[in-house]
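Below: one structure, written as structure tokens.
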Amino acid sequence: MSAAETLDPESWPAARAEAHRMLDDVLDHIAGLRGQPVWQEPPASVRAAFREPLPRAGADLAELRSVFNERIAPYSSGNAHPGFMGWVQGGGALAGVIGEMLAAGLNSNLGGRDHMPLQVEQQVLAWTREMFGFPEDSSGLFVTGTSQANFLAVLVARTRAFGRGVRALGLAGQAAPLTAYASRAAHGCIAKAMDMAGIGSDQLRLVAADEAHRIDLEALKAAIAADRRKGFRPFLIVGNAGTVDVGAIDDLDALADIAGAEELHFHVDGAFGALGVLAPSVAPRLKGLERADSVAFDWHKWGQVPYDAGFLLVRDRGLHLDAFAAEAPYLRRARSGLAGGDFWPCDYGPDLSRGFRALKTWFTLKAYGAEALGGVIERTCALARELQARVASEPELELLAPVPLNIVCFRYRGPDPDRLNGDIVEALHAEGRVAPSLTRIDGQVAIRAAFVNHRTQSCDVEALVSSVLAAGRDLIQRQAA
Ligand SMILES: Cc1ncc(COP(=O)(O)O)c(C=O)c1O
């Protein structure tokens, strides 16, 4: 068969040279991030270039390179940029980028079978257990992100409540409706997980939180008792290790006690905060995490691994298997050979075909080490405290929430503050120096700056403050004129 009949290059030397140029482009892009805007709006002509009909004939890699460099890279979402502070997103680091490239070259399918990429995933699983103080035989796997990991955890907890048979019977045959509990500060993906699990988002009881945005333990106990009296079947408590809006950490030890006493599954949503175990100043506040029945978190946030790299860790491997393992003749396991192996991730989640997310994570952990990643976590929390102090020192600014971790919610004081602060953030995005996002705290629109990216520095905090002040003054002046 000639090269022309396969999709391999006609000329490997030419393809190699082109690929090397593109690797250089990637390195230039990352090295030059600070000199670029965080975000810029793609012009209409650029958007239009991606509305072409299905290409019937192929194009040169050189042409694709220039399209990527001119029409995609300059208009990406900007989370790798040091000025990006929106939505709790990670910046990624070079070792993971290289790992992702190598993984794509291998093109392994990590659904199962006997090959080294699965040993790499198990290595990361073992490190994860070690980080969180989980037992040796606990199980886990990579998924897209914490939304997916939380969903799988709800399914694990459902199986714990009703046994493996629930997978065939569904919930229709169950006498009592299931109810789950999380604080009202919980991420929306928990309600969505309840919805997707067929339990219903209304069966997630959003329990009151205190001033520090931590779940109110007495209100939780009362909610569980009230549901039991009414004939519901409580099955799950979801604790927060870093709430999405302010980074609050629930009293995980107390939640583990309550879950134990009530015989409920105790899951922790630690999307970004769980990796705080790597930071000496944060780790003590995560006490109780080691007692969770399952933990969801993202390597792609504070772990600095390029997207996507979510993870679910489950204490009870048997329960985890009960929730997902299914036999099929075409997936028969062999005693030896390629169809052997004792870790088939398709037994632990819904995906059969899975990419090699583990490699970029392994590269990141090996290249930088857990201590350096913990150092990034410490530094990003310090940046949040810096911003908190700057907000306090500017009479035009007002802090709207406590700053327990790496997130600061504040606003510019002025008339119609909800609209004004929304307009300020839009102006900042258009300007492209820093990119915070918006949320609501106690009903008020807040500018939310989440420090996650290892590249962010004090000068970016200063740029955020000066940009918010300038935009606020400008908008008020223009309103007056
Ligand atoms: C606390 C929390 N839970 C869940 C999620 C969802 O995670 P992902 O975006 O990886 O699905 C986030 C995202 O920021 C989060 O902060």
Virtual spin-label span in nm between E211 and Q119, 7 Å along Cα→Cβ: 5.6
Alpha carbon convex hull of region 1-54, volume per residue in cubic angstrom: 121
Three-way shape label, region 414-481, alpha-carbon gyration tensor, a/c 1.5: oblate
10 Å binning of all Cα-Cα separations within region 256-411, expressed as whole percents from 0 upward: 9, 27, 30, 22, 9, 3, 1, 0
Region 58-119: proportion of alpha-carbon pairs further apart than 16 angstrom, %: 68
Efficiency of FRET from Cβ geometry, E462 and L61, R₀ 41 Å, rounded to 0.05: 0.45
Cα Rg, Dmax, region 69-224, angstrom units: 20.2, 60
Using a Förster distance of 56 Å, the FRET efficiency for E218-E327 (Cβ separation, nearest 0.05): 0.75
Rh (Kirkwood; distinct C-alpha pairs) - region 106-178, Å: 14.8
Full-extension gain in nm, R385 to T144, via 0.36 nm per residue minus C-alpha separation: 83.7 nm
Dipole magnitude of the chain, debye to nearest 20 (Cβ charges: Lys/Arg +1, Asp/Glu -1, about Cα centre): 700
Spacing of the two label points (7 Å from each Cα toward its C-beta) at A44 and D25, in nm: 2.7
Greater than 26 Å apart at Cα, pairs in K287/K360; K221/K301; K192/K221; K192/K301; K192/K360: K287/K360; K221/K301; K192/K360
Rg/Rh ratio calculated on Cα atoms of region 354-467 (Kirkwood radius): 1.06
Calculated FRET efficiency for the pair R473/E371, C-beta based, R₀ 41 Å, to 0.05: 0.45
Span from the region 378-415 Cα centroid across to the region 296-357 one, whole angstrom: 40
Spin-label proximity, S353 to region 98-134 - amide N less than 17 Å from point 7 Å beyond Cα toward beta carbon: 104-113
Whole-number Å³ per residue for the convex hull built on Cα positions in the chain: 182
Pairwise label distance in nanometres, S77 with D418, each label 7 Å out on the Cα-Cβ vector: 2.6
Whole-percent pair-distance distribution, where bins are 5 Å wide, for the alpha carbons of region 17-84: 3, 14, 22, 21, 18, 14, 5, 1, 0
Positive-end extreme of charge dipole, region 320-413 - chosen from P404, P345, G375 (charges on Cβ): P345
Protection proxy ranking of 456-463, 17-24, 169-176 - average other beta-carbon atoms within 10 Å, highest first: 456-463, 17-24, 169-176
Distribution of pairwise C-alpha distances over region 187-343, 5 Å bins, in %: 2, 8, 14, 19, 19, 14, 9, 7, 4, 3, 1, 0
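Here, each number is a calculation from the coordinates, and none is a lab measurement. The shown structure was predicted, so the numbers you read here are calculated from the model rather than taken from an experiment. Neighbour counts are summed over all protein chains in view; Cβ atoms, including those assigned to glycine, are modelled from backbone coordinates with ideal geometry.
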